[in-house]
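Engineer: Take a look at the following structure, please.
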Amino acid sequence: MAEALLAGEPFRASENAYDWLGHGVYFWEANPDRGLDFAKVSAARPRSKISEPTLVGAVLDRGLCLDMTTLGSIALFEEAYQSLRESLEISGKPLPRNSKDMLRRDLDCAVVNRLYEMLVAQNNPFDTVKGIFVEDDPIYVGSGFHRSTHVQIAVRNPGCIKGVFRVPRTHLALLARETGTAA
């Protein structure tokens, strides 16, 4: 898949009901180590489509970004949640739920997708979504920092992906030295 992307094949958007930032093409911001770790864990799952975990870098223009680190975006997110909740109540359907470990985010996905629909109706959809995800165990007892915390970006507008590149081998060598595995 990496070679196909490097040759110009378009990225495929993820449209799972549990995607943290709604539907889109997912990237780790400035954290290829986390991206490769995710690919390795995913490859080990039964029925995985990943045969050989690897990295592909991308140049992104975030365009109109729903940045979940800003108060304005959070306010829009809250508005979309209320809209989704009210709509589901009227139709008698239950509100989706996030898993307790927060790895499967059905509710968050539904809210982001509702917000996108709301903004499309106003002819002002966002191109990308950015969020910070606290994940895994604290890095030491009492720490507020967690081992797998990362920033992710979901791209809705494929035109925001300006180019792809092979991640330099020097970076992969550093990763192998840190983890004790060969890349």
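The values are calculated or read from the model by the stated rules, or taken from the named source; none is laboratory data. Note that this is a predicted model, so its numbers are computed, not measured. Backbone-built Cβ (ideal geometry, glycine too); neighbour counts: all protein chains shown. Heavy atoms of the whole protein, side chains included, go into the accessibility calculation; ligands, DNA and RNA do not. Shrake-Rupley method; radii C 1.70, N 1.55, O 1.52, S 1.80 Å.
Engineer: Conditions: (1) part of a loop (DSSP other than H, G, I, E, B); (2) open to solvent by less than 50 Å² (accessible area, probe 1.4 Å). GLY35 meets all but one. Number of the miss?
Structural biologist: (1)
Engineer: Please specify each residue of region 1-24 satisfying the condition of being of a type outside the set (Asp, Glu) and closer than 16 Å to ILE50 by Cα.
Structural biologist: Result: MET1, ALA2, ALA4, LEU5, PHE11, ARG12, ALA13, SER14.
Engineer: Here is a follow-up. Condition first: over 21 Å from the mean Cα position of the chain (by Cα), in a helix (DSSP H, G or I) and of a type in the set (Gly, Ala, Ser). Now tell me which residues in region 79-106 satisfy that.
Structural biologist: Selection gives SER83, SER87, SER91.
Engineer: Within region 61-74, does at least one residue satisfy the condition of being within 27 Å of PHE126 (Cα to Cα), modelled with pLDDT under 95 and assigned to a helix (DSSP H, G or I)?
Structural biologist: The answer is no; no qualifying residue exists.
Engineer: Test LEU21 against the criterion of being hydrophobic (A, V, I, L, M, F, W, C), over 19 Å from ARG147 (Cβ atoms) and in a loop (DSSP other than H, G, I, E, B), and give yes or no.
Structural biologist: For LEU21, the condition - hydrophobic (A, V, I, L, M, F, W, C), over 19 Å from ARG147 (Cβ atoms) and in a loop (DSSP other than H, G, I, E, B) - is met.
Engineer: Still on this model: Among the residues of region 1-26, how many are under 14 Å from the mean Cα position of the chain (by Cα) and within 15 Å of ARG156 (Cβ to Cβ)?
Structural biologist: 14
Engineer: Kindly indicate whether LEU60 is open to solvent by less than 80 Å² (accessible area, probe 1.4 Å), in contact (Cβ under 8 Å) with a residue 24 or more places away in the chain and over 17 Å from ILE153 (Cα atoms).
Structural biologist: Here the answer is no, as LEU60 does not meet what is asked.
Engineer: Quick one: how many residues across region 115-164 are of a type outside the set (Ser, Thr, Tyr), in a strand (DSSP E or B) and in contact (Cβ under 8 Å) with a residue 40 or more places away in the chain?
Structural biologist: The total comes to 15.
Engineer: Looking only at region 88-132, count every residue that is open to solvent by less than 60 Å² (accessible area, probe 1.4 Å) and at positive phi and tell me the total.
Structural biologist: Qualifying residue count for the region: 0.
Engineer: Could you tell me which residue of region 69-86 is nearest to ARG166 (Cα to Cα), considering only residues that are open to solvent by less than 50 Å² (accessible area, probe 1.4 Å) and touching a residue at least 12 places away in the same chain (Cβ under 8 Å)?
Structural biologist: PHE77
Engineer: If you don't mind, there's one more thing I want to ask. Among the residues of region 44-54, is any in a helix (DSSP H, G or I) and within 26 Å of SER99 (Cα to Cα)?
Structural biologist: No, every residue in region 44-54 fails to be in a helix (DSSP H, G or I) and within 26 Å of SER99 (Cα to Cα).
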